[in-house]
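Enquirer: Can you read through this structure? Questions will come right after.
The values are calculated or read from the model by the stated rules, or taken from the named source; none is laboratory data. None of the values given here were measured: they were computed from a predicted structure. Neighbour counts are summed over all protein chains in view; Cβ atoms, including those assigned to glycine, are modelled from backbone coordinates with ideal geometry. Ligands, DNA and RNA are stripped out before the accessible areas are found, and what is left, the full protein with its side chains, is counted by its heavy atoms. Shrake-Rupley method; radii C 1.70, N 1.55, O 1.52, S 1.80 Å.
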Amino acid sequence: MATVKNLKIKTATCKRIIKELHSYEKEVEREAAKTADMKEKGADPYDLKQQENVLAESRMMVPDCHKRLESALADLKATLDELEKSTQVKGPEFEDARSIITEIESFLKTTEE
């Protein structure tokens, strides 16, 4: 059975994953710029290859975060639905969960387009 504590944990998980996703997206931009700069300056081929590997690893993390975010969002929605049906008392945790759900859904819509 879902509890308010579970709701708070799942809400925090969603917040953490979306923050992590934004961080990886910034890292990809930073590493791509660094790679382009190295190519432009004619860097050593070995160093350039290593930098391209770093960039590839960063790019792989973005889809992984998307999958984890979608999974965490589904968990949060299910927990919120269960709690709303089973309890009459609704605290700030419920509003926080709803706002995170809305934020994540709008974010996922913009990334799909």
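Enquirer: Among (1) farther than 16 Å from K15 by Cα; (2) of a type outside the set (S, T, N, Q); (3) free of Cβ contacts under 8 Å to residues at least 12 places away in the same chain, there is one condition R59 misses while meeting the rest; what is its number?
Expert: (3)
Enquirer: Could you tell me how many of the residues in segment 54-104 are of a type in the set (V, I, T) and either in contact with a strand residue (DSSP E or B) (Cβ under 6 Å, 6 or more places away or on another chain) or closer than 30 Å to A36 by Cβ (or both)? Even if it seems obvious, please write down each step before you answer.
Expert: Applying the first criterion (of a type in the set (V, I, T)) to segment 54-104 yields 54, 62, 79, 87, 89, 100-102, 104.
Adding the requirement that they be either in contact with a strand residue (DSSP E or B) (Cβ under 6 Å, 6 or more places away or on another chain) or closer than 30 Å to A36 by Cβ (or both) leaves 54, 62.
Number satisfying all stated conditions: 2.
Enquirer: If E40 passes every condition in (1) open to solvent by less than 60 Å² (accessible area, probe 1.4 Å); (2) free of Cβ contacts under 8 Å to residues at least 12 places away in the same chain; (3) among the acidic types (D, E) but one, which one does it miss?
Expert: Exception for E40: condition (1).
Enquirer: What's the total number of residues in segment 23-53 that are assigned to a helix (DSSP H, G or I), of a type outside the set (A, V, I, L, M) and more than 22 Å from D64 (Cβ to Cβ)?
Expert: 7
Enquirer: I'm checking my understanding of the structure. Among residues of segment 63-113 that are polar (S, T, N, Q) and at pLDDT 90 or above, which one is farthest from I18 (Cα to Cα)?
Expert: T79
Enquirer: I'm trying to understand the selection: among the residues of segment 63-112, which are open to solvent by 30 Å² or more (accessible area, probe 1.4 Å), β-branched (V, I, T) and part of a helix (DSSP H, G or I)?
Expert: T102, T110, T111
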